Structure formats: structure tokens, C-alpha cells
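Reviewing the structure listed below.
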Amino acid sequence: MKKTNFNRRDFLKITAVGATALAGLQVIRRVQASGSAPSGGRQWALAIDQSKCTGCGYCVMACKAHNDVAPDITWNPVLEVGKTGDKTVYLPRPCMQCANAPCVDVCPVKASIYRPDGIVMIDYDRCIGCRYCEVACPYGARSFTWKKFTGPNPAVPQWGESEVERRPRGVVEKCTFCYQRIDRGMELGLTPGVDQDATPACVNVCPTGARIFGDIHDPESPVSQYLRAHSSYRLREDLGTAPRVYFIAADVKDM
Amino acid sequence: MKTRKMLRFSPWLAWVFFLGILIIAGAIAAFFVYWKGLSVTNLTDLVPWGLWITIDLTSIAISAGAFSLCAIVYLLGLKRFQPVARTATFIGLLGYTMAILTLLLDIGRPDRFWHSLVFWNVHSLLWEVTMCVTLYLGVLLLETLPIFANFEWLRSRWPKLAARMSQAHHLAPFLAVAGLALSMLHQSSLGALYGVLKARPLWYRPDISLLFIISAVACGMAITVLASMVSARLTGRANVDDSLLDRISQIVGWILVFYLYFRFWDSLAMTYTYEPGRTEGLRLLTRGALSFNFWIVDILLGIIFPMVILVNKQTRSMPFWRMLALLLVVSGVAAFRWDTNLSGLLIVMSYVPGTPTMGYTTYRPSLIEILSGAAIVSFGLLAFSLGVRYLRVVDHQVLDHAETGTQAQTLKEIPTPSAD
């Protein structure tokens, strides 16, 4: 009778098969992580109180400086949307960081991805500049770099120092909730939404405190508390995009 | 003496010279695009897709003759259409080449064109289209190998290689299946690419994909017949069997009947209730800036008029009317692509509560877009002209072109003794 033995070759075979299967699972998991909306852990959210917004445009300029955005591009415009009583109502429009983002679905190269904390990011080294995401975004939140941004940034240093690399010509760019400030702040043990050094530049600079930031999964975060205290709405909720930017409608009593 | 002869005017040289000038002008324009970036176009963040996308979509539509005629020949077994399918396959190769050239202009980072082949996003229709186009280009290259084997210079220089290339015709039935599958995926996906966007209510409808593939089949067959007829009239190097072209023209006419019917219901269904963005888009098409394109170029001259001409036997047999009708089919499909793209983009959708739309924007291509686009079309015309002259892509006399050179010659020799 032949002795049943588990020799070196069998061992290698099983190891190889196992490793391949594990690697495959890992790939599938990564695909799922970037291709579908994350739900666990920290989820950053922004609340904008339209009663407090005076349309000063400080957030527009701080954004341009901190993210080194070209003068002809605005990641975070402030729109005049009407009047309540005799007061003008403004609507600032950052990227909505949708949980079901149309831009992530349509990108042919997976250059638009969800971070685990819900921020929709663009990989500027991967983007081919096809602009399908611009066509798909219901909020007009994306800008194409039609020409190369050279020379000094006119918003620097008055409105802050640039903290990220300037994007090359021919890619699509957008608001990132100042992910660089969040990531660096978290490394220093700070809390985004509470400590300025871990909070988006537009939130810090707002002179009336119209912007409130934080982790929406943490009931004690500033944004969670504010949204509990006020009724809010999101833009184009009918589309099912599940934005992470909440608006508190302007009320003439609070203005 | 010899120089004088070379300088003598010939229509062929004038044609090549004319196309050459357009191609050079377009190459200069393309150089500006790469040097200065897409800021030299009139594209904006509101209208990021314009003339180039229309050329791109139309090039792919004119290529649809390849898969549909190959399916007729190799899958339905109507072998007599084989020489027409051969012309269509060559046009298909040129069409896809034109589409890829246009895309290389249009994307912001042409140096990263290969990213979609490596970094897959299976959710994206644009990814699916890119994969199918790349694979189908491979199929078309294999399908056109026997055509390139006809090149006289190649046959005299490397006869063995030419014979090898001719042998690829054995693959034709398998390539026809692959071509049909890939085309049925991406010809419709090009429409679905617009149709899946919920943020653009005019596009957000399920049948835009079907309209794209049906119109593409009509357009691809039309341009194949048209190009064959024009070539046969201009040069002795092309000869056609008119009974084949007549029959395909009739098929185009009947496709148009169904296409018109689907277009009618597609448009009517969108008028039922007011929907922000969709209703404004329809107004743009039927009464606004795109209305001439929509009613005249697309519906009346692009579908109804050629449909009547091509279904009716008498008008179809008159070469002038048939050629005119086929040309109008092609321009109608181009107008449909242009309108589909722009009607969705020109309406600026609003996200402001209580304001469903912000109004209309405008788009007019810049000179650089027009020149580079014209160069790509000229490239297609020049390549087809060279194909007629040197590869005999329009030749209905030899039954099986896929045979090796020697066998084709024997076939030609047969009638001579019997005539004696």
C-alpha cells in the first residue's frame, strides 16, 4: 500500500491555492469598498444654516487658498437664491459627498471613489479627463481643469496657505471636505468639527458660524447636535443621491 | 517630360490634395489642443461634450454596417452579400479608427487612454463601451486582414505573408458572432450612457439605447451602399452588382419605417406630463435652437424622405434619388446624435429648492474643434479612397475575395476560354 503522505509539493499547492483565494477575496473586498457607499465608522457631514449665511464669500476664498484652486474655478460657490422678508437668502454649494454618488458610478477608470469615511475623492493621477462625471453630477460640483494653473494663487496668503498639490491640466476636480485637514488633524489626535486644525477651511473661516461640521455617526458631534435641534433638508433628495451636506432653511426670525 | 506628366491635373490628385490640406490644417489645430489644453475649445463645465462627441458617436454609427452585414452573410447565410459586407467591414475599421482619434482629442489626458483597460469600473457604461470598442477593433483588424492581403505591393514583396493574411477569412463566421455580440453591447450602450443619468431628465429614459442601435444599423448600411455607388461612378477600380445594393437599400428603407415608429413613441411618451428639464429639453428640440436639426435634418430629411424613396421600388432604382436618400440617412443620424447630446446639456438643471431649472446655455464649436473634426472626417474619406484604389474594397465581381491571390486569378480566367 502506498503511504498517504503530505509532502512538500502538496503543501506548496495548497498554500498557493489558499493565497490566491485570499488575494481574490481581498480584491473583491477592495472593489466593494470603493465602489459602494461606506456606512460604518466615522461619516463626515456638513450642516449649513441659511439663516446665518450673509453671503460674504469668505468660505469661497478660504477654499481657493487652502486647496490651491485656480481663480477661474470655484469648488464652493455661494449662490443668491431669493428673499425671505427683506433679507437675501444664500445657498453655499460645496460637493455634497453623496452616499450614492452618480459620479462614482459613471467613472470609467474608478478615479472617483468613496473613502471609508464617506468623502468622495478623485484620484488625479488616474483621471483621464473624459468629463462623464461632470455630466452626471446633479449639483454641478465638478470642475474640469481646462488650462494649466501657473503662477501664484491670488488667494494666498490672505486667505490661508495651500495644503494640497495643484491639479494637473486635463482632469476633473472638486471639493473634498478638506480631507487633508481632517487626516492631519486626526493624526494629531484632534476632533474634526471641534478643533479648527482638523476642520474644513470653509467652516473655520465662516464669520457667522453658519457651517457646522462633524461625524454624523457620533451623536455628540457638533453637526449631530445641530441637526437634532433644527429641521433640515438636502438638495435634490428626490434623486436618491443621499448627500452629506444638510441645509437649515432661512427663517426670518433667526436672521 | 516625366515631370510634366506628373504635374498634370487629375481628379484623383486633386481629391487627395484637397483632403491632405484639410488633414494638415486639422493636425495644426490638434497640436494647439495638446499645447494649450482644452481651453482652446468652446466646451465648458456646463457643456463638457460637444462637436467631437458627435463625430465620435457618428463614426461608430457608420461602422454598424460591418457587424450587421457580416451577420447577414455569415449567420443568416446570405452569401451573395459577401462583397458588400467586405466594404462595410473596411468602413467599420475606418469608423472605429476615427472614433478613437476623436476621443484622443477629447479626453483631457490622452496619455492615460489605457487606464480604462487596466482600472475597471464595471458600473460605468463608458468603461463597457471602451472595452467593447477595443475588443471590436481587434475583431475588425482580423476581419480586414484578407482585404489588406489584396495590396499589390504587399503581394509582390511578401507573397507568403499576403497568403497567410488571406487565410484569416476562415475565421469570418466566428468573427461575425463576436462582432455581433460586441456591437449589440456597445452600439446601444452609447445611447444608454446618456439614458442612465438620472440628473438629466431628458436623457433619463430606457429606449434611447435601442434608438441608437437601430439608427446605427440604418446609417452603417446606408453609408456602405452610398460609398460603393459613388466609387463605382468615379473610378474603374470599383465595380458593383446593383441588385445587391438595391436590396440593401430596401432593407435600410424598412429599418427606417420601424425606426420612425419607435422615435414617434419615444417623443410622444415624453410629452405626457410636465417634468423639469425634460419638458424644457423637448421644447429646445421642437421649438428652440435645435428645432431645425430635429424637424428637418433628423425627422423629415433623415427618416421620412429617405424611407419613402428607399421602400418604393421605382424611386429606389433611380441612382440619383437612391444616393441622395442614403446620404440623408447618414446626415439624419449625425443630427440625431448632435441633438441627443446637446439637448440634455443645454438645459442647466438647478439644485436650488423651488427652482427646477436654471434656464438654457449655448454651445457653438470653436474653429479649432471644427478644423480638427474636419481632419478626422477627411482622414476617413482619404483612407476609404485609398482602399478603393489599392485594396479594391468595392469589388462585387470576384465572388470570394478571401481566397488567395492565385485562386482569385483562376476565377477571373475561367470566363475567357468559355467566351471563345
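For A:Ala155, indicate whether it is part of a loop (DSSP other than H, G, I, E, B), closer than 26 Å to B:Trp203 by Cβ, away from every other protein chain (no Cβ under 14 Å) and small (Gly, Ala, Ser). Spelling it out, it is not the case that A:Ala155 is part of a loop (DSSP other than H, G, I, E, B), closer than 26 Å to B:Trp203 by Cβ, away from every other protein chain (no Cβ under 14 Å) and small (Gly, Ala, Ser). Counting the residues of the range A:219-238 that are assigned to a loop (DSSP other than H, G, I, E, B) and away from chain B (no Cβ under 14 Å) gives 4.
Taking the conditions (1) over 20 Å from B:Leu193 (Cα atoms); (2) surrounded by fewer than 18 Cβ atoms within 10 Å (Cβ to Cβ) in turn, B:Phe113 satisfies each one other than (1). Could you tell me whether A:Pro108 is in a loop (DSSP other than H, G, I, E, B), surrounded by 21 or more Cβ atoms within 10 Å (Cβ to Cβ) and more than 9 Å from chain B (Cβ to nearest Cβ)? Considered against the rule, which asks whether it is in a loop (DSSP other than H, G, I, E, B), surrounded by 21 or more Cβ atoms within 10 Å (Cβ to Cβ) and more than 9 Å from chain B (Cβ to nearest Cβ), A:Pro108 comes out as no.
Can you pull out every residue in the range A:239-249 that is within 11 Å of chain B (Cβ to nearest Cβ) and either among the basic types (Lys, Arg) or under 14 Å from B:Met349 (Cα atoms) (or both)?
A:Leu239
The helices (runs of 4 or more DSSP H) located wholly in the range B:304-354 that include 2 or more residues which are at negative phi and either in contact with a Pro (Cβ under 9 Å, 6 or more places away or on another chain) or of a type in the set (Ser, Thr, Tyr) (or both) occupy B:313-317, B:319-345. Here A:Val89 clears all of (1) more than 7 Å from every other protein chain (Cβ to nearest Cβ); (2) among the β-branched types (Val, Ile, Thr); (3) in contact with a Leu (Cβ under 8 Å, 6 or more places away or on another chain) except the condition numbered (3). Going through (1) hydroxyl-bearing (Ser, Thr, Tyr); (2) out of contact with any Ser or Thr (no Cβ under 8 Å at 6 or more places or on another chain); (3) more than 9 Å from chain B (Cβ to nearest Cβ) one by one, A:Tyr114 falls short only on (2). Taking the conditions (1) without any contact (Cβ under 8 Å) to a residue 12 or more places away in the chain; (2) within 26 Å of B:Val394 (Cβ to Cβ) in turn, B:Ile107 satisfies each one other than (2). Among the conditions (1) within 20 Å of B:Val129 (Cα to Cα); (2) of a type in the set (Ser, Thr, Tyr); (3) more than 7 Å from every other protein chain (Cβ to nearest Cβ), the only one that A:Tyr132 does not satisfy is (3). Residues in the range A:135-149 that are over 27 Å from A:Cys56 (Cα atoms) and either in a loop (DSSP other than H, G, I, E, B) or more than 7 Å from every other protein chain (Cβ to nearest Cβ) (or both): how many? Summing the residues that are over 27 Å from A:Cys56 (Cα atoms) and either in a loop (DSSP other than H, G, I, E, B) or more than 7 Å from every other protein chain (Cβ to nearest Cβ) (or both) in the range A:135-149 gives 3. Could you look through the range B:24-45, keep only residues that are buried (at least 18 other Cβ atoms within 10 Å of the Cβ) and in contact with a Leu (Cβ under 8 Å, 6 or more places away or on another chain), and pick out the one that is nearest to A:Phe149 (Cα to Cα)? Filtering the range B:24-45 for residues that are buried (at least 18 other Cβ atoms within 10 Å of the Cβ) and in contact with a Leu (Cβ under 8 Å, 6 or more places away or on another chain), the one nearest to A:Phe149 (Cα to Cα) comes out as B:Val33.
Can you tell me which residue within the range B:313-346, out of those that are more than 27 Å from B:Asp207 (Cβ to Cβ), of a type outside the set (D, E, K, R) and touching a residue at least 40 places away in the same chain (Cβ under 8 Å), is surrounded by the most Cβ atoms within 10 Å (Cβ to Cβ)? By that ranking, first place goes to B:Met323.
Yes/no matrix, rows are residues, columns are (1) under 25 Å from B:Ser385 (Cα atoms); (2) under 21 Å from the mean Cα position of the chain (by Cα); (3) within 11 Å of chain A (Cβ to nearest Cβ):
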{"position": "B:Ile107", "(1), (2), (3)": "no, yes, yes"}
{"position": "B:His115", "(1), (2), (3)": "no, no, yes"}
{"position": "B:Met131", "(1), (2), (3)": "no, yes, yes"}
{"position": "B:Leu190", "(1), (2), (3)": "no, yes, no"}
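Of the residues B:Leu57, B:Leu126, B:Leu135, the single one that is closer than 16 Å to B:Leu190 by Cα and within 11 Å of chain A (Cβ to nearest Cβ) is B:Leu126. Only one entry in A:Asp197, A:Asp183 is assigned to a helix (DSSP H, G or I) and free of Cβ contacts under 8 Å to residues at least 12 places away in the same chain, namely A:Asp183. Just for helices (runs of 4 or more DSSP H) wholly inside the range B:115-208: which have at least 1 residues that are over 30 Å from B:Thr286 (Cβ atoms) and acidic (Asp, Glu)? Per the criteria, B:125-148, B:152-157.
Scanning the range B:64-77 finds one or more residues that are closer than 19 Å to B:Thr130 by Cβ, buried (at least 22 other Cβ atoms within 10 Å of the Cβ), under 14 Å from the mean Cα position of the chain (by Cα) and not aromatic (Phe, Trp, Tyr). Would you confirm whether or not the range B:6-13 contains a residue that is modelled with pLDDT under 95 and polar (S, T, N, Q)? Among the residues of the range B:6-13, at least one is modelled with pLDDT under 95 and polar (S, T, N, Q), which makes the answer yes. Among the numbered conditions (1) in contact with a strand residue (DSSP E or B) (Cβ under 6 Å, 6 or more places away or on another chain); (2) under 23 Å from B:Ile60 (Cβ atoms), the only one that B:Gly277 does not meet is (2). Taken across the range B:299-306, residues that are of a type in the set (A, V, I, L, M, F, W, C) and buried (at least 22 other Cβ atoms within 10 Å of the Cβ) do occur, with at least one present.
Evaluate the following for A:Val164: is it crowded, with 19+ Cβ neighbours inside 10 Å and aliphatic (A, V, I, L, M)? Spell out the reasoning first.
Values: crowded, with 19+ Cβ neighbours inside 10 Å: no; aliphatic (A, V, I, L, M): yes.
Considered against the rule, which asks whether it is crowded, with 19+ Cβ neighbours inside 10 Å and aliphatic (A, V, I, L, M), A:Val164 comes out as no.
Just one of (1) surrounded by fewer than 22 Cβ atoms within 10 Å (Cβ to Cβ); (2) facing chain B (nearest Cβ under 9 Å); (3) touching a Phe, Trp or Tyr at 6+ places or on another chain (Cβ under 6 Å) fails for A:Met96. It is (1). Consider the range A:158-185 and keep the residues that are of a type in the set (Phe, Trp, Tyr) and within 15 Å of A:Thr74 (Cα to Cα). The one that is farthest from the other protein chains (Cβ to nearest Cβ) is A:Trp159. Taking the criterion of being in contact with a helix residue (DSSP H, G or I) (Cβ under 6 Å, 6 or more places away or on another chain) and crowded, with 20+ Cβ neighbours inside 10 Å, the residues of the range A:187-199 that qualify are A:Pro192, A:Gly193, A:Ala198. Checking every residue in the range A:178-186 against the condition of being in contact with a helix residue (DSSP H, G or I) (Cβ under 7 Å, 6 or more places away or on another chain), among the hydroxyl-bearing types (Ser, Thr, Tyr) and assigned by TED's automatic domain parsing to the domain that holds A:Gly129 gives zero matches.
Examine the range A:208-215 for a residue that is farther than 26 Å from A:Ala99 by Cα and either crowded, with 20+ Cβ neighbours inside 10 Å or away from every other protein chain (no Cβ under 14 Å) (or both), and state whether such a residue exists. First the steps, then the outcome.
Going through the range A:208-215, the residues farther than 26 Å from A:Ala99 by Cα turn out to be A:208.
Then drop every residue that is not either crowded, with 20+ Cβ neighbours inside 10 Å or away from every other protein chain (no Cβ under 14 Å) (or both), which leaves A:208.
Taking every residue of the range A:208-215 in turn, at least one turns out to be farther than 26 Å from A:Ala99 by Cα and either crowded, with 20+ Cβ neighbours inside 10 Å or away from every other protein chain (no Cβ under 14 Å) (or both).
The values are calculated or read from the model by the stated rules, or taken from the named source; none is laboratory data. From a predicted model like this one, the values you see are computed outputs, not experimental measurements. Quick reminder, even Gly has a Cβ in these numbers, built from the backbone with ideal geometry, and neighbours come from all protein chains shown.
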